[in-house]
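Student: There's a structure below that I have some questions on.
The values are calculated or read from the model by the stated rules, or taken from the named source; none is laboratory data. Given the structure is predicted, the values throughout are model-derived calculations rather than measurements. Methodologically, a virtual Cβ is constructed for each residue, glycine included, from the backbone with ideal geometry; neighbour enumeration extends over all protein chains shown.
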Amino acid sequence: MIWLSALITLIGFAAALAVLMVDAETVLTPALGEEDAAALVDTASFVILLPLAPLIFYVYRFYMAAGARANAILVGPEQFPDLHALYLDLAQRLDMPNPPRLYLTNGNGVVNAYALECNRRYRYVVIHAEIALLLPTAPDVVEFVLAHELAHHKLRHVSLWRLVIGIVPNVLLLPGRTTTRAQEYSADRVALAVCPNHAAAVRLLAVGPWMADGVNPEAWAAQCQAEHREWLIRLTNGLSSHAVMVKRFKALRDIERDGFSRQGEMF
């Protein structure tokens, strides 16, 4: 999917260049009509700016990171030391001697965590407090989430060039979301590799931190087995940037049972 995204980006750039090189009035307008021809030229004018995208993204990501850090607390030896110790342990398991800085922020009820990278020196993981509060009661959940976000850094999913080659595929919807979904599956696999038997940790994403302790993993696995082939669920999964929970949990349970030869279902 990465190579396909790069190929789509190159084709898009070449097509935009070709559109701008022809005479719109004599070639495009007679074939498409005035409005459609004008829209095509506008789109091509946007795509042709792709070479500037790395610079724009580079500056914007520093701004995004500043906004995230400005409203969060840096986790360290003297600030949430238990969370910090777990984070460093996971980084060591992933062979990351200089892990990204970890920040804790208020999610206002939203369960989320994400990886940010400005460049190879300025890298961050941000976790919502709604997840971190489970550390005393459900440490497997917090451990898996942190490992998942570290995996995004380890696999270079948040690198600058990955963002650039995703612009055109994301406009086309299906290629962009398929690539993102593949990255999420990959991060899950890495997290499970360093956190064995933690597949059930993704229950957090299904019911939130308030009901996580009440989930029966075996019953959920049976539900996933029964529903994962339904065509509307396949459609929902195919149009989602993250695998739907029925397929995501099934993929993790398949790996636990059969090993890493098993793959998550893309559709």
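Student: Look through LEU10, LEU55 and report the one residue that is on the phi < 0 side of the Ramachandran plot and in the same structural domain as LEU150 (by TED's automatic domain parsing).
Tutor: Just one listed residue meets the conditions, LEU55.
Student: Now for a separate question. Can ASN170 be described as of a type outside the set (A, V, I, L, M, F, W, C) and modelled with pLDDT under 90?
Tutor: yes
Student: Tell me which of these TYR114 doesn't satisfy, since it passes every other one: (1) surrounded by 19 or more Cβ atoms within 10 Å (Cβ to Cβ); (2) at pLDDT 95 or above; (3) under 18 Å from the mean Cα position of the chain (by Cα).
Tutor: Tallying (1) surrounded by 19 or more Cβ atoms within 10 Å (Cβ to Cβ); (2) at pLDDT 95 or above; (3) under 18 Å from the mean Cα position of the chain (by Cα), TYR114 fails exactly one: (1).
Student: For region 205-223, which residues satisfy the criterion of being crowded, with 20+ Cβ neighbours inside 10 Å and at pLDDT 95 or above?
Tutor: Scanning region 205-223 gives a single hit, TRP220.
Student: Taking region 77-87 as the region of interest, how many residues are farther than 15 Å from LEU135 by Cα and surrounded by 13 or more Cβ atoms within 10 Å (Cβ to Cβ)?
Tutor: 0
Student: Moving to a separate point now. If you go through region 237-250 one residue at a time, how many are outside any loop (DSSP other than H, G, I, E, B) and closer than 12 Å to GLU265 by Cβ?
Tutor: The qualifying residues number 7.
Student: Out of ARG189, ARG229, I need the residue that is in contact (Cβ under 8 Å) with a residue 60 or more places away in the chain and of a type outside the set (A, V, I, L, M, F, W, C). Which one?
Tutor: Going through ARG189, ARG229 in turn, just one is in contact (Cβ under 8 Å) with a residue 60 or more places away in the chain and of a type outside the set (A, V, I, L, M, F, W, C): ARG189.
Student: Would you confirm, using the coordinates I've provided, whether ARG203 is under 19 Å from the mean Cα position of the chain (by Cα) and assigned to a helix (DSSP H, G or I)?
Tutor: When the stated conditions are applied, ARG203 passes them.
Student: Look at LEU90 and say whether it is of a type in the set (A, V, I, L, M), closer than 30 Å to LEU134 by Cβ, surrounded by 16 or more Cβ atoms within 10 Å (Cβ to Cβ) and in contact with a strand residue (DSSP E or B) (Cβ under 6 Å, 6 or more places away or on another chain).
Tutor: The answer is no for LEU90.
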